[in-house]
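Step one of this worksheet: look at the structure below.
The values are calculated or read from the model by the stated rules, or taken from the named source; none is laboratory data. What you see is a predicted model, and the numbers here were worked out from it, not measured in a lab. Positions of Cβ are generated from backbone atoms using ideal geometry, with glycine treated the same way; all protein chains shown enter the neighbour counts. SASA here: full protein model, heavy atoms, side chains in, ligands and nucleic acids out. Shrake-Rupley method; radii C 1.70, N 1.55, O 1.52, S 1.80 Å.
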2 protein chains.
Amino acid sequence: MNIVIDTRSRIIAAAKPRFHSRSYANVGIQEICESAGIQKGSFYHFFPSKRDLIVAVIEEFADEWANGFVAEAFDPALPPMERIDYLIDAAYFWQKSIKQVHGRMLGCIFGNLTLEVSTQDDILRAKLLAIFGRAKSRFMNTLDEAVAAGTIAPLDTSLTAEAMLAYLEGVILLAKSQNDPELLYRLGPAIKTLRVELTLS
Amino acid sequence: MNIVIDTRSRIIAAAKPRFHSRSYANVGIQEICESAGIQKGSFYHFFPSKRDLIVAVIEEFADEWANGFVAEAFDPALPPMERIDYLIDAAYFWQKSIKQVHGRMLGCIFGNLTLEVSTQDDILRAKLLAIFGRAKSRFMNTLDEAVAAGTIAPLDTSLTAEAMLAYLEGVILLAKSQNDPELLYRLGPAIKTLRVELTLS
DNA sequence: ATCCTAGTTGACCGATCGGTAAAATGCAAG
DNA sequence: CTTGCATTTTACCGATCGGTCAACTAGGAT
């Protein structure tokens, strides 16, 4: 059992940084096997297809993300709007540290994969959609709390949450085009100015 | 000369929708040649490499975009902030019409390519960066005008322009993950709430 | 001691990848 | 009529793609 998990997780560990730094189509099974020190037949013992691997990679990234700095950022002990500041800060420092190690701004793997595969594979699109849905919920709950506390004026928290998530992804995209995480630092805080007003119908 | 241009532009015409609807790595030269009704050797007479083709495709998209609805949207005759409304509207209707024809939300090819290739190819990244730079300038000029006219309170027009562009790309990304251009309709107008204040130093 | 099964290996599949080179074609200028 | 050049065709290159298969190994259970 230990060996099983070890091999499977070595595959995922080899795949994660590659899919993050390049693209789904540009990373081959063979390269992953070489990096993990296994044979291709062994890979297909654990994963029926390349798509099953990327699903596993997506899930690992999502878990590590949800239990890592995102959990810290959306700490209920923090004042609601400060959680958003914290999240932007964390995203900035994360991208910055990746660039220091890797030499490149890699951006958000969920955004990267969304734009690459979502016209070609509805199962992957659904996976990514679910992750964005959870992210939106975090924003929305935070906004609901902020409105309840009177920190901000009432607004459409559902749509504003989606707008904030979109803005974050967009800033990361633009920063990637400049290969410069500092854009996150300059543009990130403006996320709190976004507002979708309640419709009166 | 006519035939030359015709073949070359038939290649580009075959390539454009494919790169837009799938991805750079997922579209092969052979498929493009078949669609254009030519042989591979003929392709390489006009384009030294696949990258030269995608550069030409990017340029064609950029031209058609700059001379099409973007030029309409940023019409100096319109009140400045209405130009931004117009742009959002145009993006929405464009994505919607593509979906009606193609069955899919294809998103922005510049955003798509940025996330796919910008860690792997600095020349392509520079091309895309230049296009985003021009888009940012349009936003900034519009904001400058709006501030001068007193339509909006003074702000950092350079950073706010970048924030608006990022937001637009982010909304398109999220809409693509939902395969639903209606998100552009719901979230788009909030672009005008984005503000980066002037720093007092 | 035997059987079963999870794991692993290495050879192999047809298809496709981006790209090349030489020969054939067509056309225009001299 | 011939030369020269741009264009096009055809055949081909080595490499890699995702995926399969049969044989082999190693333990644990009976």
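May I ask you to derive the relative contact order of chain A, considering only C-alpha pairs under 8 Å and at least 6 residues apart, and to give it as an integer percent?
20 percent
Relative to a virtual label point 7 Å from the Cα of B:E31 in the Cα→beta-carbon direction, which members of region A:86-127 show backbone nitrogen distances below 11 Å? From region A:86-127, the list is A:120. When a/c is below 1.5 the answer is rounded, else prolate if a/b is larger than b/c, else oblate, so apply that to the protein assembly as shown with a ≥ b ≥ c taken from the square roots of the Cα gyration tensor eigenvalues. Oblate.
About its Cα centre, the dipole of chain B is roughly 600 debye, where the only charges are +1 on Lys and Arg Cβ and -1 on Asp and Glu Cβ. Shielding value for B:155-168 is 5, the average number of Cβ atoms from other chains within 10 Å of each residue's Cβ.
Summing charges over all other residues whose Cβ lies under 12 Å from the Cβ of B:A163, with Lys and Arg as +1 and Asp and Glu as -1, gives +1.
In the protein assembly as shown, helical runs assigned H by DSSP with n ≥ 4 each contribute -39500 (n - 2.57); averaged across all residues and rounded to the nearest 500, the mean residue ellipticity at 222 nm is -23500 deg cm²/dmol.
Rounded to the nearest 20 debye, the dipole size of region A:66-181 about its Cα centre is 380 debye, using +1 on the Cβ of Lys and Arg and -1 on the Cβ of Asp and Glu. Of the residues B:F110, B:F69, the one with the largest accessible area comes first in the ranking B:F69, B:F110, computed with a 1.4 Å probe on protein heavy atoms. When nucleic acids and ligands are ignored and a 1.4 Å probe is applied, A:W65 ends up with an accessible area of around 70 Å².
What does the C-alpha gyration tensor say about the overall shape of region B:95-150? Classify as rounded when a/c is under 1.5, otherwise prolate if a/b is larger than b/c, or oblate. Oblate shape, in that a/c is at least 1.5 and b/c is the bigger or equal ratio. In terms of packing, defined here as the mean over residues of other Cβ atoms within 10 angstrom, the peptides A:41-47, B:195-201, A:86-92 line up highest first as A:86-92, A:41-47, B:195-201. Overall, region A:1-50 carries a charge dipole of about 140 debye about its Cα centre when +1 sits on the Cβ of Lys and Arg and -1 on the Cβ of Asp and Glu, all other atoms neutral. Other residues whose C-beta falls under 11 angstrom from the C-beta of B:I32 contribute a net charge of +3, scoring Lys and Arg +1 and Asp and Glu -1. Among residues other than A:K99 with Cβ under 11 Å from its Cβ, the summed charge is +1 (Lys and Arg +1, Asp and Glu -1). Find which of A:S49, B:T160, A:A135 sits farthest along the positive direction of the dipole of the protein assembly as shown, computed with +1 on the beta-carbon of Lys and Arg, -1 on that of Asp and Glu, about the Cα centre. Farthest towards the positive end: A:S49.
Once C-alpha pairs closer than 8 Å and six or more residues apart are averaged by separation and normalised to the residue number of region A:1-91, the relative contact order reads 22 percent. Legend: mean number of C-beta atoms from other chains within 10 angstrom of residue C-beta atoms, peptide B:172-182, equals 6.
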